[in-house]
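The values are calculated or read from the model by the stated rules, or taken from the named source; none is laboratory data. What you see is a predicted model; the values in this text were computed from it and never measured. Quick reminder, even Gly has a Cβ in these numbers, built from the backbone with ideal geometry, and neighbours come from all protein chains shown. The accessibility values were calculated without ligands, DNA or RNA, using every heavy atom of the protein model including side chains. Shrake-Rupley method; radii C 1.70, N 1.55, O 1.52, S 1.80 Å.
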Amino acid sequence: MLSKILLGLLVVLVVFVLVALLIGYLVSAPRYKGPVSDHFDGKAFFTPGAVQPRGLVDVIKWQLNHERTEPWPAFHNDPVGNVPTARVMPATDSTTPSPVRVTYVNHSTMLLQFDGLNVLTDPIYENRVSPFSFLGPARNCPPGIRFDDLPKIDVLLLSHNHWDHLEIGTLKKLAARDNPRIICPLGVKAFLEQEGVANVTEMDWHQAVPVNDQTTIHCVPAQHFSGRGMFDRNATLWAGYVVANKAVGNLYFVGDSGYGPHFKAIGQQFGPIRLALIPIGAYKPNWFMAPVHVNPTEAVQIHQDVQAQQSVAIHFGTFPLADDGEGEPVTDLKKALTAKSIDFDRFRALKNGQTVNF
């Protein structure tokens with residue numbers, strides 16, 4: 001009798017593993033194929049000189065020993081922000097700096113409006129950042145701007161293919177509505193085209209592409225990893241972007257990154273940065289997250305490294321992805337700014353839907 005029970009449990013376990021492997025295979029993205037470089041070994045991408053992201057054993061260790069001291073509150077249905085203006089035009093007076101308008105939608109989704117151009121970063125409007133509608137990190141508040149209230153998007157910047165940054169449902173809706181030019185790192189284009197998304201430009205680190213006569217987008221290094229399933233880890237690249245515009249200067253979208261020497265290099269090449277969008281959340285426990293996510297103290301250091309005149313926080317307050325609480329990133333950011341004697345107006349953490357004009 002006992003042997004039959006054990007056999008039955010073994011069968012259930014084998015079926016569970018096989019189903020998990022099948023799902024992991026089905027949701028995995030196509031692998032990039034291209035020449036070997038200083039950050040691609042022919043099979044996988046990596047960040048030169050960086051501590052490698054933690055593996056499965058450490059994931060299990062973290063999940064069994066959470067360090068969350070500030071639990072996330074229940075879902076709160078916050079009011080949405082005002083409908084963004086259709087366009088922000090450059091200053092007509094050559095002696096006046098042209099305006100930049102920034103709207104924090106949620107997580108790493110930011111609407112940048114300047115010089116008649118609308119740029120959206122890592123758009124996500126789904127309720128979960130997961131392959132499943134019933135499982136995985138769920139949003140704690142609604143997007144700050146309704147999807148239908150977004151102005152026409154001209155350029156869409158994708159930092160990498162993780163579920164909380166590349167949400168294919170939102171991308172398909174934006175592509176169908178606006179046909180924006182989509183900028184992505186190496187390898188991501190194949191997945192997008194597989195999903196029927198067109199007008200995609202794929203970039204490697206240190207490459208640049210013109211958007212128009214006034215604007216050029218530079219793909220810059222980040223310290224992270226990639227993967228959507230169980231069989232595509234580091235099969236595509238991750239990146240940040242510097243948007244260089246003749247009227248407004250340089251705008252920097254960090255994307256997702258651990259702290260590294262690439263930030264000072266970016267500052268040396270592109271500084272001073274007029275506006276930097278810097279992640280501050282999903283940093284606890286530090287022993288696990290440090291290779292791939294900066295903490296608020298490191299975010300302030302990035303602000304200084306890239307010589308940012310202004311910075312705005314991203315990657316916080318929407319999805320419980322790590323052990324930091326909903327409000328901890330902002331609290332710790334303010335402490336870090338105080339420690340460096342930097343005014344809060346120089347590095348702001350906006351509420352979902354909030355807009356700031358620079």
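The table that follows gives values for the structure above.
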read-out: Residues satisfying the stated conditions in region 42-58, i.e. under 24 Å from the mean Cα position of the chain (by Cα), exposed (fewer than 12 other Cβ atoms within 10 Å of the Cβ) and either at pLDDT 85 or above or on the phi > 0 side of the Ramachandran plot (or both); value: Lys43, Gly49
read-out: Qualifying residue in region 141-158 (condition: farther than 21 Å from Asp178 by Cα and out of contact with any Asp or Glu (no Cβ under 6 Å at 6 or more places or on another chain)); value: yes
read-out: Region 276-291: number of residues that are among the hydrophobic types (A, V, I, L, M, F, W, C) and surrounded by 24 or more Cβ atoms within 10 Å (Cβ to Cβ); value: 4
read-out: Tabulated pairs, region 284-312, first acidic (Asp, Glu), second open to solvent by 20 Å² or more (accessible area, probe 1.4 Å), C-beta under 8 angstrom, 6+ apart or interchain; value: Glu298/Tyr259; Asp305/Lys264
read-out: Selection count, region 232-266, where residues are within 14 Å of Ser159 (Cβ to Cβ) and free of Cβ contacts under 8 Å to residues at least 40 places away in the same chain; value: 2
read-out: Where Gly187 falls short, out of the listed (1) surrounded by 14 or more Cβ atoms within 10 Å (Cβ to Cβ); (2) at negative phi; value: (2)
read-out: Residue match in region 295-305 (condition: among the acidic types (Asp, Glu), on the phi < 0 side of the Ramachandran plot and crowded, with 24+ Cβ neighbours inside 10 Å); value: no
read-out: Residue that is among the β-branched types (Val, Ile, Thr) and either modelled with pLDDT under 95 or open to solvent by 20 Å² or more (accessible area, probe 1.4 Å) (or both), where the choices are Val155, Val119, Val129; value: Val129
read-out: Residue that is nearest to Gly327 (Cα to Cα), among those in region 126-141 that are out of contact with any strand residue (DSSP E or B) (no Cβ under 8 Å at 6 or more places or on another chain) and in contact (Cβ under 8 Å) with a residue 24 or more places away in the chain; value: Asn140
read-out: Within region 246-261, tally of residues that are surrounded by 24 or more Cβ atoms within 10 Å (Cβ to Cβ), closer than 27 Å to Gln214 by Cα and touching a Pro at 6+ places or on another chain (Cβ under 9 Å); value: 4
read-out: Selected residue (only one of Gly240, Gly169 is touching a Gly at 6+ places or on another chain (Cβ under 6 Å), under 21 Å from His107 (Cβ atoms) and either at pLDDT 95 or above or open to solvent by less than 30 Å² (accessible area, probe 1.4 Å) (or both)); value: Gly240
read-out: Near pairs, Cβ below 7 angstrom, 6+ apart or cross-chain, from region 335-353 (closer than 14 Å to Gln304 by Cα and hydrophobic (A, V, I, L, M, F, W, C)) to any residue that is at pLDDT 95 or above and assigned to a loop (DSSP other than H, G, I, E, B); value: none
read-out: The lone exception for Arg101 - which of (1) surrounded by 19 or more Cβ atoms within 10 Å (Cβ to Cβ); (2) assigned to a strand (DSSP E or B) it fails; value: (1)
read-out: Residue within region 320-331 that is free of Cβ contacts under 8 Å to residues at least 12 places away in the same chain and farther than 23 Å from Lys61 by Cα present; value: yes
